[in-house]
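To start, the structure itself, in structure tokens.
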């Protein structure tokens with residue numbers, strides 16, 4: 001009976017989360033050692049996810065990302081992409097994901113329409129230099145975003 005009550009209490013605690021970040025914190029507190037993200041031979045537990053996302057959030061904050069900042073990202077599905085997204089959630093930033101296969105025309109439109117102040121790209125990925133494209137487009141915009149690479153490494157603080 002106690003196990004059933006514990007599960008019910010845990011489910012209630014998770015369901016009572018007011019924000020996505022609060023949900024992450026509560027889940028990490030309940031099951032810190034349970035794996036949540038898996039990629040090939042790498043994995044992150046809920047506790048590791050919370051801790052690493054906090055460090056990435058601190059690094060982003062050091063770059064000037066604040067609550068309400070618009071951050072576009074054009075990244076493939078990887079652990080680092082999830083960490084960046086969770087860190088942006090932690091900060092209360094507005095996220096504008098851009099499909100990684102889009103090129104100049106679509107990316108320019110997304111950056112212009114979103115008013116992104118920051119733009120995370122993977123660098124060279126699958127034979128295409130996203131950084132060069134992003135910097136080229138940023139040079140064409142009246143209010144260009146700060147371009148940074150977020151593939152193998154992320155801002156850390």
Task: Filter result for the condition that a residue is within 23 Å of residue 43 (Cα to Cα), in contact (Cβ under 8 Å) with a residue 24 or more places away in the chain and assigned to a strand (DSSP E or B), over 87, 82, 120 - done: 120
TODO: Within the stretch 123-143, identify whether any single residue is touching a strand residue (DSSP E or B) at 6+ places or on another chain (Cβ under 6 Å) and assigned to a loop (DSSP other than H, G, I, E, B), and answer yes or no.
DONE: yes
- [ ] Go through (1) in contact with a strand residue (DSSP E or B) (Cβ under 9 Å, 6 or more places away or on another chain); (2) under 27 Å from residue 148 (Cα atoms); (3) exposed (fewer than 12 other Cβ atoms within 10 Å of the Cβ) one by one and return the number of the condition residue 41 breaks.
- [x] (1)
Task: Filter result (part of a helix (DSSP H, G or I) and over 11 Å from residue 156 (Cα atoms)) within the stretch 53-79 - done: 79
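What number of residues within the stretch 1-24 satisfy the criterion of being in a helix (DSSP H, G or I) and either at pLDDT 95 or above or more than 27 Å from residue 150 (Cβ to Cβ) (or both)?
Residues of the stretch 1-24 in a helix (DSSP H, G or I): 2-15, 20-24.
With the extra rule that they be either at pLDDT 95 or above or more than 27 Å from residue 150 (Cβ to Cβ) (or both), the set shrinks to 2-15.
Residues meeting the conditions: 14.
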Task: So residue 107, is it touching a residue at least 40 places away in the same chain (Cβ under 8 Å) and either under 18 Å from residue 152 (Cα atoms) or surrounded by 18 or more Cβ atoms within 10 Å (Cβ to Cβ) (or both) - done: no
Open item on the list: Considering only residues that are over 22 Å from residue 52 (Cβ atoms) and out of contact with any strand residue (DSSP E or B) (no Cβ under 8 Å at 6 or more places or on another chain), which ones fall in the stretch 82-102?
Closed with: 99, 101, 102
Open item on the list: Go through the stretch 45-60 and report how many residues are more than 13 Å from the chain's Cα centre (by Cα) and surrounded by 16 or more Cβ atoms within 10 Å (Cβ to Cβ).
Closed with: 4
TODO: For residue 155, indicate whether it is crowded, with 19+ Cβ neighbours inside 10 Å and either in a loop (DSSP other than H, G, I, E, B) or at positive phi (or both).
DONE: yes
Open item on the list: When you check residue 75 against the structure, is it surrounded by 19 or more Cβ atoms within 10 Å (Cβ to Cβ), more than 16 Å from residue 20 (Cβ to Cβ) and touching a helix residue (DSSP H, G or I) at 6+ places or on another chain (Cβ under 7 Å), yes or no?
Closed with: yes
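The values are calculated or read from the model by the stated rules, or taken from the named source; none is laboratory data. Just so it is clear, the structure is predicted and the values come from calculations on it, not from any experiment. So basically every Cβ, Gly included, is an ideal-geometry build from the backbone, and we count neighbours across all protein chains shown.
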